[in-house]
Amino acid sequence: MERRSRFLAFAYPVRSEKEIEARLARLRREYHDARHIAYAWRLQGRERADDAGEPAGSAGRPILQLLRGEGLEGVLVAVVRYFGGVKLGVGGLARAYRAAAKGALAAAGVVERVPQVEVRLRLPGERVGEALAALGRLGARVRAQGYDGETTLVVALPEDKVEELRRALSPWAKVEG
């Protein structure tokens, strides 16, 4: 609540612009009686902010600046404002929208997503235990396994760990990918 205006803020993880539009449409339906629904999002190097009828730069931009400052990607933050009859001014609006967005992010929590790659390992059967131990240390997950004279493992692991995996399993394993 800021000088009788009520602010409701929502933070969502998002994977596509289509999902963003669906979430915003749902908020607009649910809060159809609200004066403004300002938002900002960042996704895969793209970003957007919308002041939703508030003075330019007073609503969406402070939310977007918060997302940038926190280094967040794959997130939509929307703030619903019910006007309370007292004008807040551009500075007051910016502070209120930013504070609401910050509260939504704090309540939602942050999940770090580490880019993963999939690699195929071919190794002698007697070395599987050693390979699994190395995979565990590197944060890798086995996605599939097979045997055709040699053991084949398909694993997902953080991109920055592939070279370390090659070093840990050489010379007895072949790492493809």
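The values are calculated or read from the model by the stated rules, or taken from the named source; none is laboratory data. Here the structure is a predicted model, which is why all the values come from computation and not from measurement. Positions of Cβ are backbone-derived with ideal geometry, glycine not excepted, and every protein chain shown enters the neighbour counts.
Just a few scattered comments:
- None of Gly103, Gly109 is within 30 Å of Leu135 (Cα to Cα) and either touching a Ser or Thr at 6+ places or on another chain (Cβ under 7 Å) or surrounded by fewer than 19 Cβ atoms within 10 Å (Cβ to Cβ) (or both) except Gly109.
- Checking each residue in the range 11-33 for being among the hydrophobic types (A, V, I, L, M, F, W, C) and more than 16 Å from Ala104 (Cα to Cα) picks out Ile20, Ala22, Ala25.
- So Val80, is it in contact with a Leu (Cβ under 9 Å, 6 or more places away or on another chain) and either among the acidic types (Asp, Glu) or farther than 30 Å from Arg143 by Cα (or both): yes
- When each of Val117, Val79, Val75 is tested for being in contact with a Pro (Cβ under 9 Å, 6 or more places away or on another chain), surrounded by 13 or more Cβ atoms within 10 Å (Cβ to Cβ), β-branched (Val, Ile, Thr) and under 21 Å from Glu47 (Cβ atoms), the lone residue that passes is Val75.
- Verdict on Asp148 being among the charged types (D, E, K, R) and closer than 30 Å to Leu64 by Cβ: no
- Flag not set for Val77, criterion: closer than 30 Å to Pro158 by Cβ and in contact with a Gly (Cβ under 8 Å, 6 or more places away or on another chain).
- Residue match in the range 38-61 (condition: at pLDDT 90 or above, within 13 Å of the chain's Cα centre (by Cα) and among the basic types (Lys, Arg)): yes
- Test: residue in the range 138-159 that is surrounded by 13 or more Cβ atoms within 10 Å (Cβ to Cβ) and among the hydroxyl-bearing types (Ser, Thr, Tyr): yes
- Residue-level check: of (1) under 24 Å from the mean Cα position of the chain (by Cα); (2) in a helix (DSSP H, G or I), Arg29 misses just (1).
- Of all the criteria given as (1) polar (S, T, N, Q); (2) touching a Phe, Trp or Tyr at 6+ places or on another chain (Cβ under 9 Å); (3) closer than 30 Å to Pro115 by Cβ, the one not satisfied by Ser16 is (2).
- Taking the criterion of being surrounded by fewer than 17 Cβ atoms within 10 Å (Cβ to Cβ) and closer than 13 Å to Arg137 by Cβ, the residues of the range 160-177 that qualify are Glu164, Arg167.
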